[in-house]
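Student: One structure, pasted below without further comment.
The values are calculated or read from the model by the stated rules, or taken from the named source; none is laboratory data. The shown structure was predicted, so the numbers you read here are calculated from the model rather than taken from an experiment. Positions of Cβ are backbone-derived with ideal geometry, glycine not excepted, and every protein chain shown enters the neighbour counts. Please note that ligands, DNA and RNA were not included when accessible areas were found on the heavy atoms of the full protein model with its side chains. Shrake-Rupley method; radii C 1.70, N 1.55, O 1.52, S 1.80 Å.
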Amino acid sequence: MNIYRGIDRYKFPNWEGWKIIDDYAKISLNETTIKQLCDNNIQLQTLVKSHYKGKE
């Protein structure tokens, strides 16, 4: 997965959320499953909100 919730891995390669997403990718190759796991991860959703904070 190279884009999650509008955050592009190529533009933001150091975003902390990629570590979580990559860990999920190691246990599942199914992109739908990875997305569901990500969407239910509170820590990841907090990182998404922090990424967009101040960009409104």
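Student: Counting only protein chains, not ligands or nucleic acids, how are 42, 3 ordered by accessible area (probe 1.4 Å), most first? Walk me through the numbers on the way to the answer.
Tutor: Working: 42 135, 3 100 Å².
Correct descending sequence by accessible area is 42, 3.
Student: Let me ask something else about it. At a 1.4 Å probe, what is the % contribution of carbon and sulfur to the accessible area of the range 2-56? Before the final figure, lay out each step's value.
Tutor: Working: 2210 of 4210 Å².
The nonpolar share, carbon plus sulfur, comes to 52 percent.
Student: Would you work out the relative contact order for the chain, in percent, from Cα pairs under 8 angstrom that are 6 or more residues apart?
Tutor: Numbers: 25 pairs, mean separation 15.9, N = 56.
For the chain, the relative contact order is 28 percent.
Student: Next question, about the same structure. Taking only protein heavy atoms into account and a 1.4 Å probe, give the accessible area per residue of the chain in Å². Show your work: numbers first, answer last.
Tutor: On the way: 4260 Å² over 56 residues.
Accessible area per residue: 76 Å².
Student: Using only the alpha-carbon atoms, what does the chain span along each of its principal axes? Please give whole angstrom values in decreasing order.
Tutor: Per principal axis, max minus min of the Cα coordinates gives 33, 23, 15 Å.
Student: Moving to a separate point now. Would you mind checking which residues have amide H under 5 Å from residue 4's amide H? H placed 1.01 Å from N; only 5 or more apart, or other chain.
Tutor: HN-HN under 5 Å from residue 4: 9.
Student: Take the chain, mark every one of the trypsin sites (Lys or Arg not before Pro) that falls in a DSSP loop and has at most 12 other Cβ within 10 Å, then report the longest stretch left between them, sites excluded.
Tutor: Details: sites that count: 11, 53, 55.
So the longest stretch without any such site is 12-52.
Student: Okay, next question. Which value, in debye to the nearest 20, describes the size of the charge dipole of the chain about its Cα centre when Lys and Arg Cβ atoms bear +1, Asp and Glu Cβ atoms bear -1, and nothing else is charged? Show your work: numbers first, answer last.
Tutor: Details: 9 positive and 7 negative charges, 32 e Å.
That gives a dipole near 160 debye.
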